[in-house]
1. Do we find a residue being touching a Gly at 6+ places or on another chain (Cβ under 7 Å) and under 12 Å from Val35 (Cβ atoms) anywhere in region 74-82?
2. Filter region 66-114 down to the residues that are at pLDDT 90 or above, part of a helix (DSSP H, G or I), open to solvent by 60 Å² or more (accessible area, probe 1.4 Å) and under 24 Å from Asp26 (Cα atoms) and list them by number.
3. Quick test of your reading of the structure: Thr60 fulfils all but one of (1) at pLDDT 85 or above; (2) exposed (fewer than 15 other Cβ atoms within 10 Å of the Cβ); (3) among the β-branched types (Val, Ile, Thr). Name the failing condition by number.
4. Scan Gly24, Gly19 and give me the residue that is open to solvent by less than 60 Å² (accessible area, probe 1.4 Å), modelled with pLDDT under 85 and either of a type in the set (Asp, Glu) or on the phi > 0 side of the Ramachandran plot (or both).
5. Can you find, within region 40-57, the residue that is modelled with the highest pLDDT among those that are of a type outside the set (A, V, I, L, M) and assigned to a helix (DSSP H, G or I)?
6. Thr86 - would you say it is among the β-branched types (Val, Ile, Thr) and over 11 Å from the mean Cα position of the chain (by Cα)?
7. List every residue pair whose Cβ atoms sit under 7 Å apart, with the two residues 6 or more apart in sequence or on different chains, where the first one lies in region 51-62 and is within 15 Å of His93 (Cβ to Cβ) and the second, anywhere, is part of a helix (DSSP H, G or I) and open to solvent by 10 Å² or more (accessible area, probe 1.4 Å).
Amino acid sequence: MSRPGRDDAPDRLYTVTQGRSRSGPDNPFDLVTLVVAECEPTPGMQSEHAAILRMTEAPTAVVEIAAELRLPVSITKILLSDLHATGRVSARHPKAAVPDPDILEQVLVGLRNL
């Protein structure tokens, strides 16, 4: 069984990315990076770019965008890099919750008492 976007039309992926196989070295995107649209899609815009802008009105992870577009993550990162370079999307990493040190100390004490 082939996977959509991967085996169906490699020439389509080549066309979508304009022949690029990697995004630039300053690519801020990884799988959990949250992407937010900074503008609306414009007429004449590549359909994948327009879909990304519609999809990212609220913060959306790169992996979710790739799944929705049914494209490999590597291709999605290239498309996101294009939008990021033109200021059409912004990227931020999710904030990790830092636990309270007092709670960690209480857990440690509880574990030692076991």
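The values are calculated or read from the model by the stated rules, or taken from the named source; none is laboratory data. Keep in mind that this is a model prediction, so the values were computed, not measured. We place every Cβ from the backbone using ideal geometry, glycine too, and count neighbours over all the protein chains shown. Ligands, DNA and RNA are stripped out before the accessible areas are found, and what is left, the full protein with its side chains, is counted by its heavy atoms. Shrake-Rupley method; radii C 1.70, N 1.55, O 1.52, S 1.80 Å.
1. Looking through region 74-82, at least one residue is touching a Gly at 6+ places or on another chain (Cβ under 7 Å) and under 12 Å from Val35 (Cβ atoms).
2. Matches in region 66-114: Ala67, His84.
3. (2)
4. Exactly one of Gly24, Gly19 is open to solvent by less than 60 Å² (accessible area, probe 1.4 Å), modelled with pLDDT under 85 and either of a type in the set (Asp, Glu) or on the phi > 0 side of the Ramachandran plot (or both), namely Gly19.
5. Arg54
6. Here the answer is yes, as Thr86 does meet what is asked.
7. Here the result reads Val62/Val73; Val62/Lys77, each pair linking region 51-62 to a residue that is part of a helix (DSSP H, G or I) and open to solvent by 10 Å² or more (accessible area, probe 1.4 Å).
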